[in-house]
Each structure stands twice: as structure tokens, then as C-alpha cells.
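What follows is a single structure, written as C-alpha cells, with notes after it.
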């Protein structure tokens with residue numbers, strides 16, 4: 001049950017960070033790069049919780 005809660009919290013943090021990135025007053029190319037970095041870090045975190053990585 002603890003793993004499920006950790007995965008859910010990680011997923012919610014990723015969604016929140018992506019939302020906050022959209023609110024930043026930077027150009028589209030920089031936003032896209034930051035979004036990709038956040039998604040990669042989030043996927044690696046989720047894989048860590050699933051004991052794959």
C-alpha cells in the first residue's frame with residue numbers, strides 16, 4: 001500500500017510541476033525542454049518505486 005501512495009504522490013507532483021511550468025513567462029522552446037526534463041525525471045522516479053531502476 002505504501003508503494004501505491006508513493007507512486008500517486010510522485011504522479012501528482014509531476015502534474016503540479018508541469019502546470020507551474022506552463023505558468024512561467026518563458027518562450028515555448030524553453031518550456032518544451034523543461035517539460036521533457038521533468039517528464040524524464042518523473043518516469044525515472046516511478047521506475048524507482050516499481051523497483052525496475
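In segment 22-53, of all residues being assigned to a loop (DSSP other than H, G, I, E, B) and at negative phi, the one that is surrounded by the fewest Cβ atoms within 10 Å (Cβ to Cβ) corresponds to 25. Scan segment 1-12 for residues that are free of Cβ contacts under 8 Å to residues at least 24 places away in the same chain and closer than 19 Å to residue 37 by Cα and the total you get is 2.
Every number here is computed from the coordinates shown, using simple stated rules; none is lab data. This is a predicted model, so every value here is computed, not measured. Glycine gets a Cβ as well: all are built from the backbone with ideal geometry, and neighbour counts include every protein chain shown.
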